Amino acid sequence: MPLVVFCGLPYSGKSRRAEELRGALAAEGRAVYVVDDALVLGTEDATVYGDSAREKALRGALRAAVERRLSRHDVVILDSLNYIKGFRYELYCLARAARTPLCLVYCVRPGDLSGGPRVADAVDHRGLNLSVSWRPRTEERGRPLAVGTPVLREPQAVDSVASGRTQAVVPKELEPEETGVLDLPAPVTSEFDTCEKRMVSTFYSPELMEALTLRFEAPDSRNRWDRPLFTLVGLEEPLPLAEIRAALFENQAPPPHQSTQSQPLASGSFLHQLDQVTSQVLAGLMEAQKRAVPGDLLKLPGTTEHLQFTRPLTMAELSRLRRQFISYTKMHPNNENLPQLANMFLQYLSQSLH
């Protein structure tokens with residue numbers, strides 16, 4: 001079944017959209033698996049994107065988790081940044097090898113199509129113990145908030161006097177009733193059926209956000225690994241479920257490629273006969289050209305093809321062409337071509353020498 005790749009920088013609503021799509025497909029009775037950073041890391045960790053070695057290991061773990069789940073029966077959703085086009089191409093090759101369709105969902109914050117998303121009302125929060133929650137609040141300062149508006153929950157410093165000096169005491173986080181925070185829907189389905197994963201929020205520092213924005217490689221629908229492409233700006237825009245369903249379940253899978261399909265089986269004697277026939281052709285050519293003059297057609301026993309003699313041929317040159325022909329033929333073995341190997345080799349020599 002298909003692979004859905006979510007792409008976008010932090011705070012663009014990827015996890016919300018992935019959960020929305022998972023819920024819609026699961027309601028139709030489809031088996032849906034969501035693979036994300038928390039699944040392979042055990043918990044969300046923004047610092048992994050500040051270390052190239054750890055980030056590379058994370059991409060490898062995500063790729064392996066997707067490859068394990070790709071099948072003809074399940075829908076796999078990859079919820080991660082996926083901002084490197086080379087990694088998206090690797091995912092495309094996985095889907096192509098599994099002969100299953102793929103689509104890309106690009107999440108962007110409003111007003112940031114060119115430069116990538118930024119933290120809302122970004123200020124320097126370094127040194128503060130902040131967490132970013134994507135749970136919506138009903139209102140703030142008497143005004144209703146749109147669904148999906150990020151809420152920065154900042155610990156409030158409370159002064160208390162102890163031992164004659166003032167200390168900053170950080171109280172526990174406010175209860176949902178006090179903040180007006182609504183509960184999220186059921187957690188996203190994890191890779192393991194018996195284990196439910198809790199959606200964990202994480203904080204990306206302004207420096208890391210700027211670095212990710214600079215490294216971000218936006219999807220381009222002109223690339224075959226980035227299409228079909230669905231771009232979603234903000235959380236208010238409805239998810240195009242009908243178009244995504246059509247792309248996943250009505251489109252044909254990418255055609256198999258030579259690098260993603262098994263080579264046809266050949267008989268055990270195919271390579272032996274190939275080596276024997278080409279050696280006999282070379283020996284016949286070396287003998288025939290001794291009595292030939294430029295312009296003659298060289299005729300070899302057991303072949304119907306002729307080779308026009310234009311100049312003396314050395315054994316080194318012919319051996320090089322023989323190795324090339326054997327390498328190519330081994331990639332496309334076909335027992336039905338065994339009687340024609342000598343003629344095929346002569347045709348190859350005729351095209352390569354003139």
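Ordering 56, 14 by how much accessible area each has at a 1.4 Å probe, largest first, what is the list?
56, 14
Let me check I've understood the local charge: for residue 245, count other residues with C-beta under 13 angstrom from its C-beta, Lys and Arg +1, Asp and Glu -1. What total comes out?
-2
Using a 1.4 angstrom probe on the protein heavy atoms only, could you order 332, 73 from most to least accessible area?
The residues order as 73, 332, largest area first.
Residue 215 to residue 311: extension gain in nm, 0.36 nm per residue of separation minus the Cα-Cα distance?
In short, 28.9 nm is gained.
Net charge near residue 220: determine it from the other residues with C-beta under 13 Å of the C-beta of residue 220, scoring Lys and Arg +1 and Asp and Glu -1.
Around residue 220, the surrounding residues sum to +3.
Rank 79, 275, 45 by accessible area, highest first, at a 1.4 Å probe radius?
Correct descending sequence by accessible area is 275, 45, 79.
Which one of 13, 65, 40 has its Cα pushed farthest toward the positive end of the charge dipole of the stretch 13-75, where Lys and Arg give +1 and Asp and Glu give -1 at the Cβ?
Checking the options against the dipole of the stretch 13-75, the answer is 65.
The values are calculated or read from the model by the stated rules, or taken from the named source; none is laboratory data. A quick note: this is a predicted structure, and the numbers were derived from the prediction, not measured. Glycine gets a Cβ as well: all are built from the backbone with ideal geometry, and neighbour counts include every protein chain shown. Please note that ligands, DNA and RNA were not included when accessible areas were found on the heavy atoms of the full protein model with its side chains. Shrake-Rupley method; radii C 1.70, N 1.55, O 1.52, S 1.80 Å.
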